[in-house]
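A quick write-up on the structure given underneath.
Throughout, read-outs are computed from the coordinates displayed, never taken from laboratory work. All values reported here derive from a predicted model rather than from experimental measurement. Virtual Cβ from ideal backbone geometry, glycine too; neighbours counted across all protein chains shown.
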Amino acid sequence: MIRTIIALTLAVAVAGGAAASSAPAPTTPRLKELVTVRSEIVRIGDLVEHAGATADIAVFRAPDLGQTGTVAVSRIAEALRPHRLSGLDTRGLTEVVVTRLSRAIAAQEVSERIARAFAGQFGFGDTKNLSVILDRGVRALHVEASATGELAVARMRLEPRSGRFDVTLELPGSAAARHLPLRFTGTVTETVQTATLARSVRSGEIIRASDILMERRRKAEVGGEALGAEQAIGLAAKRPLRGGQAVRPADLMKPQVVQRNETVTILYQVPGVTLTVRGKALEAGSVGDIIGVLNVQSNRPIQGTVVGPGRVTMTAIATAPRVAAAVADARNDPERPRTQ
């Protein structure tokens with residue numbers, strides 16, 4: 001009998017424990033420390049967990065879009081008192097931080113939208129090549145977090161010569177945007193990626209890879225002559241060029257490998273005969289240039305093609321008789337040149 005009573009007592013205890021564990025968690029109203037809201041009002045449910053039927057009751061005005069403010073717990077308690085939210089757990093807080101969510105429109109977004117508006121119009125090219133400079137600094141403009149649409153152009157005007165613009169934007173679906181300063185003025189210019197000089201170079205100096213920087217410059221400054229780094233490296237400056245200058249094709253030339261009045265080797269070639277004699281360059285030249293050269297052995301001026309440093313070959317106008325005469329001159333010269 002005693003054993004039966006003990007068993008029943010244990011069963012009741014176990015059942016009571018199971019019932020306790022399955023009971024709903026306490027729902028005591030509890031104050032939040034950090035609050036975020038989307039609307040212009042703060043409701044009880046924004047401030048208090050487990051606010052129950054009072055959750056949708058408005059009690060405070062929210063901060064401005066994108067702003068953060070604080071509310072003293074004493075003010076919150078006073079605002080909640082008429083709504084009989086008893087047993088509020090304030091968690092020992094003295095104030096609650098409230099932030100109003102927003103979408104921030106930065107100056108970058110404004111500039112990019114204006115660039116897209118002008119791309120392909122008024123003679124401008126792609127958006128990526130347009131540079132927009134606003135007349136005034138633009139602080140972040142805050143609109144409703146729900147206003148996720150794209151800025152639209154309400155009005156635009158451009159002075160093509162100067163690139164001056166006057167553009168008014170709008171944001172469909174945003175009430176806040178109607179009260180924002182969305183009229184912008186400034187300048188739009190087209191730019192190109194081009195080779196510029198990292199340092200000043202002298203006339204005739206060869207451009208090296210370390211001398212070149214790729215930068216964006218106004219298209220009007222460069223014209224249609226933008227150069228890539230590989231197009232400039234290895235060429236020589238036709239004239240002195242200053243550091244920071246955009247390099248144009250007209251500024252460069254092939255390196256001169258023969259200088260005026262330089263002693264050169266003249267190479268004569270016809271089928272079966274190759275003759276080299278000494279000469280004097282009458283003008284400077286690069287590889288491939290046709291220059292005047294004096295055959296110092298015959299004292300005759302000829303024209304030849306520069307083929308390398310200090311080396312010139314007779315051009316196609318040099319006929320076999322001329323080569324024969326050159327060979328004869330060479331044979332009469334005490335320092336006879338080599339023939340093959």
Problem set entry | Extension gain, residue 127 back to residue 307 (0.36 nm per residue minus Cα-Cα distance, nm) | 60.2 nm
For this session: Give the Cα extents of the range 69-215 along the principal axes, in whole Å, largest first.
Result: 90, 40, 22
Problem set entry | Distant-in-sequence amide H partners of residue 147 (H built 1.01 Å from N, under 5 Å) | none
Exercise. Residue by residue through the range 268-280, which ³J(HN,Hα) values in whole Hz follow from phi under the Karplus form 6.51 cos²θ - 1.76 cosθ + 1.60 (θ = phi - 60°), with glycine and proline marked x?
Worked result: 9, 9, 9, x, x, 9, 10, 10, 10, 9, 7, x, 10
Exercise. Label residue 104 and residue 55 with points 7 Å out from Cα along Cα→Cβ: what is the distance between them in nm?
Worked result: 3.1 nm
Problem set entry | Separation between Cα centres of the range 175-238 and the range 251-281, rounded to whole Å | 39 Å
For this session: Would you calculate the separation in nanometres between label points at residue 168 and residue 91, each defined as 7 Å from the Cα along the Cα-to-beta-carbon direction?
Result: 4.7 nm
Problem set entry | Residues of the range 46-80 with amide N under 20 Å of a point placed 7 Å along Cα→Cβ from residue 146 | 46-47, 55-67
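May I ask you to list the trypsin sites (Lys or Arg not before Pro) in the range 210-250 that are in a DSSP loop and have at most 13 other Cβ atoms within 10 Å of their Cβ? Spell out each step's value before the answer.
Working: sites: 216, 217, 218, 219, 238, 242; in loops: 238, 242.
Passing sites in the range 210-250 are 238, 242.
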Exercise. Magnitude of the Cβ-charge dipole of the range 73-163, K/R +1 and D/E -1, about the Cα centre, nearest 20 debye?
Worked result: 180 debye
Exercise. If the cut-off is a Cα-Cα distance under 19 Å, which lysines reach residue 128, setting aside same-chain residues fewer than 8 apart in sequence?
Worked result: 219
Problem set entry | Given charges at beta-carbon only (K, R positive; D, E negative), |dipole| of the range 193-253 in Debye | 200 debye
